[in-house]
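Notes follow the structure.
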């Protein structure tokens with residue numbers, strides 16, 4: 001067992017090293033290529049810069065507005081583009097707002113539980129289908145792939161979930177979409193590449209398939225585990241349509257995205273907001289900086305996780321695209 | 001653990017299925033949770049399609065609802081609202097195909113010509129990011145930039161140029177949703193093209209350069225042919241999804257821009273099916289869409305094969 005594990009880690013290190021070397025060699029201009037022209041370089045730089053700006057400037061404006069004082073928002077006539085008066089007051093206010101805090105907890109809960117369920121189910125299924133010539137794996141694989149092309153559609157799915165008593169239930173937000181066949185195919189493709197020497201060595205040591213999955217396959221495929229977890233977690237974090245279907249009126253169960261839709265996108269007043277002047281009696285739209293703080297809040301978990309997973313994204317997507 | 005499982009043979013020799021079952025039972029057991037979830041939430045709804053041929057009544061369920069044959073479809077095909085959403089779907093799909101599809105290819109070509117590793121990595125991390133935003137978030141961002149109270153109109157108002165609320169203007173809605181789609185997904189779309197570009201043999205470029213081919217001729221004669229397979233595959237997928245132009249995107253904006261501009265087949269099915277309780281009517285619209293989509297993907301794939309490409313699968 002230990003023997004197999006050391007081979008696994010050595011193999012991983014070697015893989016990283018060759019990858020890095022290949023990446024470095026690409027950043028040198030080949031000798032046969034024409035030297036770059038000034039106009040060409042300028043046009044290229046401008047296009048790249050403009051593309052980045054289109055994505056980053058809106059985010060900058062929104063984050064800045066969320067950190068601005070009411071005075072700064074007034075002076076700017078709305079969204080703040082240059083830093084004027086900064087304060088974190090809005091965030092204190094937001095984290096005292098029961099609607100937002102409940103929604104944050106609901107979102108975190110659904111995302112954590114949902115991702116755990118999805119990953120457990122997908123990892124098991126992917127490994128179960130990854131061993132060559134195992135009994136019945138073609139049939140199960142077919143069963144999975146068919147669902148990528150044929151589906152009952154929105155209304156039959158809705159009727160099945162409500163028929164099982166899912167209306168207003170937490171599981172209705174998780175189980176119907178817990179399995180992504182795409183993610184299973186990505187995981188499976190990686191598990192198939194786990195060296196058969198390693199697996200045979202572990203089998204010689206008396207390990208069964210559960211043990212092999214846990215001690216050999218999972219430790220050697222951390223990158224793909226990270227990427228598929230991100231895909232699932234983002235799916236749960238971003239979902240709002242199933243809330244619209246299964247708990248549209250129960251605002252205590254609304255996740256953050258639905259709060260964002262209702263109170264920011266559609267501009268309804270935040271009920272029970274602590275700021276004087278727009279209690280539920282008035283139902284006025286929340287102040288702009290507070291709205292923007294809610295936008296930022298939906299971004300925060302993503303921005304925390306993204307840097308760790310980002311370098312693996314390419315591998316995850318390509319494996320799925322090619323083998324799927 | 002102690003019973004050494006028989007090794008899975010390399011050759012064609014087949015073991016008796018009972019031995020294989022004994023050997024592979026853990027593997028089969030592992031697939032059960034996922035298969036069970038798919039059976040309940042993907043296969044059972046397939047039988048729910050029968051509601052499209054009924055007058056479904058939630059009080060009595062699928063088993064006791066009245067059968068009406070093709071009445072729902074007859075009504076559907078005579079419904080101007082259905083044809084309006086069909087027209088919107090096809091129009092939006094067409095606009096996206098023309099304006100969206102080339103963007104990731106162009107970005108990938110551009111990025112591929114950048115030598116600096118650091119710039120390439122920075123660019124990729126930024127342009128992939130919006131793919132992970134929800135549609136609610138992406139549209140809220142657009143609203144804050146282009147909406148009635150957004151940055152653009154703030155500027156216009158301060159300079160007395162008049163205002164233009166792009167977010168609620170049905171005339172420019174097609175361009176708006178296409179730019180939203182480009183903003184959110186075009187960056188993510190470059191991944192497959194970048195991979196195809198890096199798979200092109202660099203000796204081809206060297207040989208072409210030695211023969212005197214310049215930058216543009218190399219792009220035309222080596223790069224684009226190298227991308228052909230991926231481009232065709234992406235086109236097949238795009239055509240197969242022509243009737244799904246982005247459900248959540250339209251759901252969020254339907255209120256602001258009005259249903260004449262924002263209703264597509266999916267939202268039609270939702271609003272007429274679930275929101276107003278006409279389950280069978282919505283299911284009929286959904287079934288119609290599924291069948292046409294399958295035909296489209298089959299047709300696009302056949303076309304790809306006719307052009308000598310793989311498409312979704314090898315011929």
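Results, tabulated for the structure shown:
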{"item": "Helices (runs of 4 or more DSSP H) wholly inside the stretch B:176-248 containing at least 2 residues that are at the interface with chain A (Cβ under 10 Å from one of its Cβ atoms) and buried (at least 18 other Cβ atoms within 10 Å of the Cβ)", "result": "B:187-198, B:202-210, B:224-240"}
{"item": "Condition broken by residue B:66, with the remaining ones in (1) more than 11 Å from chain A (Cβ to nearest Cβ); (2) farther than 30 Å from residue B:186 by Cα; (3) at pLDDT 90 or above satisfied", "result": "(3)"}
{"item": "Residue in the stretch B:38-60 that is farthest from residue A:165 (Cα to Cα), counting only those that are in contact (Cβ under 8 Å) with a residue 24 or more places away in the chain and within 9 Å of chain A (Cβ to nearest Cβ)", "result": "B:52"}
{"item": "Some residue of the stretch B:107-130 being part of a helix (DSSP H, G or I), within 9 Å of chain A (Cβ to nearest Cβ) and under 25 Å from residue A:286 (Cβ atoms)", "result": "yes"}
{"item": "Restricting the stretch A:83-102 to residues that are in contact (Cβ under 8 Å) with a residue 40 or more places away in the chain and either within 14 Å of chain B (Cβ to nearest Cβ) or assigned to a helix (DSSP H, G or I) (or both), the residue that is nearest to residue B:33 (Cα to Cα)", "result": "A:102"}
{"item": "Residue check for residue B:167: more than 22 Å from the chain's Cα centre (by Cα), surrounded by 14 or more Cβ atoms within 10 Å (Cβ to Cβ), assigned by TED's automatic domain parsing to the domain that holds residue B:113 and in a helix (DSSP H, G or I)", "result": "yes"}
{"item": "Residue within the stretch B:291-299 that is assigned to a helix (DSSP H, G or I) and crowded, with 21+ Cβ neighbours inside 10 Å present", "result": "no"}
{"item": "Verdict on residue A:271 being closer than 23 Å to residue A:106 by Cα, within 12 Å of chain B (Cβ to nearest Cβ), in a loop (DSSP other than H, G, I, E, B) and modelled with pLDDT under 90", "result": "no"}
{"item": "Where a residue in the stretch A:30-49 is on the phi < 0 side of the Ramachandran plot and its partner, wherever it lies, is assigned to a loop (DSSP other than H, G, I, E, B) and at pLDDT 85 or above, with Cβ under 8 Å and at least six apart", "result": "A:44/B:113; A:44/B:114; A:48/B:114"}
{"item": "Some residue of the stretch B:283-290 being in contact with a strand residue (DSSP E or B) (Cβ under 9 Å, 6 or more places away or on another chain) and either within 11 Å of another protein chain (Cβ to nearest Cβ) or closer than 30 Å to residue B:57 by Cβ (or both)", "result": "yes"}
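The values are calculated or read from the model by the stated rules, or taken from the named source; none is laboratory data. The structure presented is a predicted model; accordingly, all values stated were derived computationally and were not measured. Note: ideal-geometry Cβ built from the backbone for every residue, glycine included; neighbour counts use all protein chains shown.
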